[in-house]
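Everything below concerns the one structure shown next.
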Amino acid sequence: LDGLKWKALNGNKSILRPVIGRDRLMRDPSICQGPDGTFHLVWTSSWKDRIIGYASSKDLVHWSQQDSIPVMMHEPKAKNCWAPEVFYDEASRRFYIFWATTIPGAKGIKTEGCLSESGDNHRIYCTTTRDFRKFSKTKLWFNPDFNAIDAAVVKSPINGDLIMAVKNENLEPYEKNIRITRSRSMKSFPTE
């Protein structure tokens with residue numbers, strides 16, 4: 001009630017246990033309420049899968065059957081799909097789902113100085129949907145000159161700009177910081 005004191009629900013037991021993905025993980029959850037009141041949840045379902053997890057709920061207690069969204073199945077070299085976020089874009093009346101993926105040898109991706117401890121070189125990819133049944137073709141969405149993970153978007157209550165925070169994971173030179181970029185549209189964010 002105050003953001004400081006918390007009470008465990010459901011007898012302190014999980015309400016939603018992960019059942020999909022190679023590792024059956026439920027990491028990096030992101031939730032968004034659609035215009036019809038339905039909550040849509042996406043999450044990292046594995047360390048090395050090319051899918052992300054999905055479920056929906058009207059009340060945050062009772063959940064739909066879990067499903068996988070095959071966001072990178074078309075890319076056999078994709079190493080992972082991490083930290084998906086879901087954002088409802090009022091302008092296009094679409095949900096944007098975006099996440100970090102490393103594709104070794106991908107064209108147009110800067111590699112020098114961009115690797116993480118595990119040798120990953122993530123960029124932010126995205127797909128869109130209106131109904132979580134049909135999805136647009138996955139595309140490279142944010143391609144800065146650094147290893148980018150954990151992107152999140154909010155709409156500014158002041159001027160309506162879209163603000164994206166994204167983590168820079170570069171090791172050389174050592175970065176490990178948060179970068180901010182703004183856009184008037186979800187179609188693209190500037191990489192400078």
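The table below gives the values:
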| item | result |
| --- | --- |
| Selection from Ser156, Thr129, Phe146, by position along the positive dipole direction of the range 123-163 (Cβ) | Thr129 |
| Selection of chymotrypsin sites (Phe, Trp or Tyr not before Pro), the range 127-170, meeting DSSP coil and at most 13 other Cβ within 10 Å | none |
| Trypsin sites (Lys or Arg not before Pro) restricted to the range 1-60 and DSSP loop, no more than 15 other C-beta within 10 Å | Lys5, Lys7, Lys13, Arg22, Arg24, Lys48, Lys58 |
| Candidates Ser136, Ser14, Ser45: whichever shows maximal mean-square fluctuation once the chain is modelled as a Gaussian network with Cα springs under 10 Å | Ser14 |
| Accessible area of the chain divided out per residue, in Å², using a probe of 1.4 angstrom | 59 |
| Sites Met73 and Glu175 - FRET efficiency at Förster radius 25 Å, r taken between beta-carbons, to 0.05 | 0.20 |
| Dipole magnitude of the range 97-160 about its Cα centre (Cβ charges: Lys, Arg +1; Asp, Glu -1), debye to nearest 20 | 540 |
| Cut-off under 5 Å, modelled amide H: who pairs with Ala151 long-range | Lys167 |
| Karplus-derived 3J(HN,Hα), 6.51/-1.76/1.60, for each residue of the range 52-61, Hz, glycine and proline x | 10, x, 8, 7, 9, 7, 8, 10, 6, 10 |
| Selected from Ser46, Ser92, Ser56 as most flexible by GNM, with the chain as the system and alpha-carbon contacts under 10 Å | Ser92 |
| Of all accessible heavy-atom area on the chain, the percent that carbon and sulfur account for (1.4 Å) | 53 |
| Reachable aspartates and glutamates, given that their alpha-carbon falls under 12 Å from the alpha-carbon of Lys187 and they are not under 8 places away in the same chain | Asp89 |
| Calculated over the chain: convex hull of Cα atoms, volume per residue (Å³) | 152 |
| Part-to-part distance (alpha-carbon centres) for the range 120-189 and the range 5-53, which is given in Å | 20 |
| Cα-based equivalent ellipsoid of the range 70-149: semi-axis lengths in Å, sorted from largest, via gyration tensor | 24, 13, 10 |
| Charge-dipole axis of the chain as Lys and Arg at +1 and Asp and Glu at -1 on Cβ define it, positive-most pick from Pro173, Val19, Val86 | Val19 |
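The values are calculated or read from the model by the stated rules, or taken from the named source; none is laboratory data. This is a predicted model, so every value here is computed, not measured. Note that we place each Cβ from the backbone using ideal geometry, even for glycine, and neighbour counts take in every protein chain shown. Each accessible area value is taken on the protein alone, full model and side chains, heavy atoms only, with ligands, DNA and RNA left out. Shrake-Rupley method; radii C 1.70, N 1.55, O 1.52, S 1.80 Å.
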